[in-house]
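Coordinate-derived values only; no laboratory data. Note that this is a predicted model, so its numbers are computed, not measured. Positions of Cβ are backbone-derived with ideal geometry, glycine not excepted, and every protein chain shown enters the neighbour counts.
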Amino acid sequence: MEKEVKAIILGAGKGTRMKSTKPKVLHEIFAKPLLSWVIDSISALSKKVESIVVIGHGAHEVEEYLNHNYKYVKTTLQKEQLGTGHAVAQALPLLAGFRGLVIITCGDTPLITTQSLKSLIKYHLEHNSDLTVMTTVFDNPFGYGRIIRSAKGEIIKIVEEKDASESTKEIKEVNTGIYCLEWTKIKKAFTELKNNNSQGEYYLTDIIKWARDNSCRVLGYKNPDNREMQGINSRSDLEKAFQVMNQRHLDSLMDKGVTIYDRNSTYISPETIICEDSVIFPNTYIEGRNYISSGCKIGPMAHLRGNCEIGEGSKIGNFVELKNAKIAKKTNVCHLTYVGDAKIGSCVNIGAGTIFANYNSITKEKKLSTVADGVSIGSNSVIVAPVELKEDSFVAALSCITKDVEADSLVMNRVPQKEIKNWVKNKKEKIDYES
Ligand code: UD1
Ligand code: CA
């Protein structure tokens with residue numbers, strides 16, 4: 001029978017090194033909190049895996065976020081932040097009677113992949129381990145707990161940077177903060193941890209020594225990809241993790257047949273799917289979930305803010321911003337345009353400088369506009385939501401559209417052109433006369 005798996009995610013810490021009023025786990029990469037990236041990687045293991053988040057610092061904010069976005073995730077409160085071991089202990093009541101595997105991860109390690117979690121569990125089960133810690137090797141291991149192995153290669157204990165001697169600091173194999181536990185065997189450790197270390201904290205890492213002292217089998221699973229293990233303690237770590245997440249996704253897109261010309265100025269959220277033969281030009285920033293079909297051209301200098309769908313062969317050009325825009329096939333939005341909350345058909349041409357005015361700042365409401373197939377919108381027009389432009393209608397340049405437009409109509413809403421003959425000449429003559 002397959003073992004039941006539950007996960008504990010630690011997210012109660014203050015994140016002092018971030019120098020922020022916001023709880024660390026709510027800091028974002030591609031507009032999504034660190035905690036959310038971790039929960040999603042765990043949830044992708046299987047729908048059956050239940051996650052428990054330990055909250056503490058900024059508990060109210062974190063809980064509100066979770067209630068809003070992850071109703072199925074449980075929380076437990078760590079009133080005082082007395083260390084990572086003490087944090088896990090707060091989940092004990094929620095796991096009473098549980099007999100399966102517990103995965104422990106930190107909410108500040110957002111790059112962890114589902115694949116690595118799977119490998120950790122597989123390794124743990126295949127080797128009949130009681131406690132498996134995921135390790136990795138860093139050239140610069142500063143800040144991480146160091147893995148101490150015996151001459152035979154067995155993991156004996158983990159020593160934190162702050163408790164490490166100079167020679168221990170030389171060790172490059174580190175604790176990633178991710179563990180797999182045979183819950184019935186290891187749970188007792190959490191009631192027996194001590195806080196006699198340089199920080200006066202109950203360290204989760206001390207369960208390694210506890211497990212060995214209590215005749216449990218302790219193993220290390222070394223993850224070959226150390227980029228995944230970047231923990232976020234500072235703004236500089238956040239920047240590093242953002243870059244890794246981005247580069248990893250750009251590589252996978254290129255592998256799938258997407259052209260990307262400049263990996264140093266292209267930013268695409270891993271939640272954005274792009275199909276083959278689409279081309280992404282430099283200085284493009286894409287966050288959130290989006291679906292870009294094949295044969296599209298995006299950028300240079302395009303900004304997609306999520307919930308967009310772009311149909312085959314459509315073009316999104318320079319200085320164009322899209323948000324919640326569903327655009328069908330062969331449509332051009334080529335210059336200086338904002339499309340927010342709109343459904344746009346195929347073979348539509350949206351002229352330079354068009355704005356979809358979707359937001360009423362008094363009612364705080366956002367409304368949707370619809371543009372049917374074959375519509376042409378002249379440059380510098382404003383489409384004030386909610387309106388519908390029906391098939392093949394034509395909006396004259398510089399129009400402000402506030403009412404629906406019938407199919408095949410020309411609509412014009414601007415001051416008619418007025419010409420005053422010889423106006424300039426007359427002005428100039430007047431000036432000459434006066435002087
Ligand atoms: C921890 C590990 C270290 C490992 C590193 C990997 C310990 C003692 N150290 O160090 O060996 O190399 O992670 O990234 O475990 N937290 C709580 N309650 C607390 C304290 C922390 O929930 O009382 C949470 C934090 O929100 C964070 C996680 O635990 O998500 C890790 O805490 P942090 O202070 O970042 O530990 P590190 O110093 O990075
Ligand atoms: Ca950390």
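For the range 232-308 versus the range 17-70, the spacing of their alpha-carbon centroids is 23 Å.
Extent along the principal axes, Cα only, for the range 149-275: 55, 32, 30 Å, with the longest axis given first.
Between the range 412-435 and the range 120-195, the alpha-carbon centres lie 83 Å apart.
Between 0 and 90 degrees, the angle of helix 114-126 with respect to the longest Cα principal axis of the chain falls at about 20 degrees. Within the listed set T284, T184, T363, the residue fluctuating most in the Gaussian network model of the chain (springs between alpha-carbon atoms under 10 angstrom) is T363. Model label points for F138 and S252, set 7 angstrom from Cα along the Cα-to-Cβ axis, are 2.3 nm apart.
Taking amide H atoms as placed 1.01 Å from N in the peptide plane, the amide H of I292 lies under 5 Å from those of I273, I274, C275, I310, each 5 or more residues away in sequence or on another chain.
Global dimensions of the range 256-411 from alpha-carbon coordinates: Rg and Dmax equal 15.0, 46 Å.
Computed 3J(HN,Hα) for the range 83-99, one whole-Hz value per residue from the Karplus formula 6.51 cos²θ - 1.76 cosθ + 1.60 where θ = phi - 60°, is x, 5, x, 5, 4, 4, 4, 5, 8, 3, x, 6, 10, 4, x, 6, 10, glycine and proline marked x. For the residue pairs K152/K209; K343/K367; K172/K222; K390/K418; K157/K222, the C-alpha atoms sit more than 19 angstrom apart in K390/K418. Could you tell me how many degrees, from 0 to 90 and to the nearest 10, lie between the Cα long axis of helix 423-434 and the main elongation axis, the longest principal axis, of the Cα atoms of the chain? Helix 423-434 sits at roughly 80 degrees to that axis.
Considering only the Cα atoms of the range 1-132, their convex hull presents on average a projected area of 8.4 nm². Our estimate of slack between K74 and K162, defined as 0.36 nm per intervening residue step minus the Cα-Cα distance, is 28.5 nm. Taking one quarter of the surface of the C-alpha convex hull of the chain gives a mean projected area of 31.0 nm².
Here the chain is treated with +1 on each Lys and Arg Cβ and -1 on each Asp and Glu Cβ, and its dipole about the Cα centre works out to around 460 debye. Helical content alone sets the calculated 222 nm signal of the chain at -6000 deg cm²/dmol, taking -39,500 (n - 2.57) per DSSP H segment of four or more residues and averaging over every residue. Computed extension gain for N307 through E391, at 0.36 nm per residue and net of the alpha carbon distance, reaches 27.8 nm. Here K79 is the anchor, and the lysines within straight C-alpha reach of less than 16 Å, apart from those fewer than 8 places off in the same chain, are K14. Couplings for the range 18-35, taken from phi via the Karplus curve 6.51 cos²θ - 1.76 cosθ + 1.60 with θ = phi - 60°, read 6, 6, 9, 8, 8, x, 3, 5, 9, 5, 10, 10, 6, 6, 9, x, 3, 4 Hz in order; Gly and Pro are left as x. Counting only residues at least eight positions apart within a chain, or on another chain, the aspartates and glutamates with an alpha carbon under 19 Å from that of K364 are D341.
Computed on the Cα atoms alone, the convex hull of the range 5-229 gives a volume of 128 cubic angstrom per residue.
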